[in-house]
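Data block below; observations after.
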Amino acid sequence: MNRRHMFRALGQGIGLAALAVAMVGCAGNDAPMETAGAGQIGEYHLGPGDALRVIVFGEEQLSGEFRVDGTGKVAMPLIGEVSAKDRSTRDLEKEITTRLSAGYVKDPKVSVEVLNHRPFFILGEVRNPGQYQYVNGMTALSAVAMAGGYTYRAKEDYVLITRGADPKKEIRKAPITTSVMPDDVVRVPERYF
């Protein structure tokens, strides 16, 4: 084999290797784009792990800090377990009020607030991947900032997100301005060129 044929074969091999790397780099492109409105910031829905402060005005012994357990319930004095999973704080206030007014407290006034939200998770090309505490109004970009920013290999124009509320746990491509909710998993993909 002369030099010309050897260099041509070598060039073809390098071209095939570059094509393979480009195809692997496009693997994140297979993910469907998140639909408009999915995961948008709305009323917060409670779930296992949330820490709550429940105040029953004028009834200090019924007030306190409570945690939503693994089954999605809050154990309250007198009325027992109250389902909190997938409910807003207003819905939970109404449920507690209804139960307390059924023979326990005359005209109860109840307030529920979230003390600590469930975490979200971020991995991939960020400086400090891991679990972070959710903050109201988070976007994928603010999640990246919490994780120390992008690495030099990060693809910065979109993220891959798995919604915690999605029963299928489907990975979707989303713009960096998309909202992040508790239990979501955000992955910053790697760029190859």
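Those residues that are outside any loop (DSSP other than H, G, I, E, B), touching a residue at least 60 places away in the same chain (Cβ under 8 Å) and within 20 Å of Gly64 (Cβ to Cβ), I need them from the range 101-135; list them, please.
The first filter runs over the range 101-135 and keeps only residues outside any loop (DSSP other than H, G, I, E, B), leaving 101, 110-116, 119-124, 126, 130-133.
Keeping just the survivors that are touching a residue at least 60 places away in the same chain (Cβ under 8 Å) gives 112-116, 119-124, 126.
Within the range 101-135, Val112, Glu113, Val114, Leu115, Asn116 meet the criteria.
Restricting attention to the range 136-193, which residues are assigned to a loop (DSSP other than H, G, I, E, B), among the small types (Gly, Ala, Ser) and buried (at least 17 other Cβ atoms within 10 Å of the Cβ)? Listed by number, the residues that qualify are Ala147, Gly164.
Residues that are buried (at least 16 other Cβ atoms within 10 Å of the Cβ) and either touching an Asp or Glu at 6+ places or on another chain (Cβ under 8 Å) or small (Gly, Ala, Ser) (or both) were ranked within the range 34-47; the one that is modelled with the lowest pLDDT is Gly39.
Taking the conditions exactly as written (over 18 Å from the mean Cα position of the chain (by Cα), without any contact (Cβ under 8 Å) to a residue 12 or more places away in the chain and open to solvent by 70 Å² or more (accessible area, probe 1.4 Å)), does Thr71 satisfy them or not? No. Filter the range 142-184 for residues that are free of Cβ contacts under 8 Å to residues at least 12 places away in the same chain and farther than 18 Å from Pro129 by Cα and give the result. Correct list: Asp166, Pro167, Lys168, Lys169. Going through (1) part of a loop (DSSP other than H, G, I, E, B); (2) open to solvent by less than 30 Å² (accessible area, probe 1.4 Å) one by one, Val82 falls short only on (1).
Scanning the range 56-68 for residues that are aromatic (Phe, Trp, Tyr) and open to solvent by 40 Å² or more (accessible area, probe 1.4 Å) returns a single hit, Phe57.
The values are calculated or read from the model by the stated rules, or taken from the named source; none is laboratory data. Just so it is clear, the structure is predicted and the values come from calculations on it, not from any experiment. Note that each Cβ is placed from the backbone with ideal geometry, even for glycine, and that neighbours are counted across all protein chains shown. Calculation scope for accessible area: heavy atoms of the full protein, side chains included, ligands and nucleic acids excluded. Shrake-Rupley method; radii C 1.70, N 1.55, O 1.52, S 1.80 Å.
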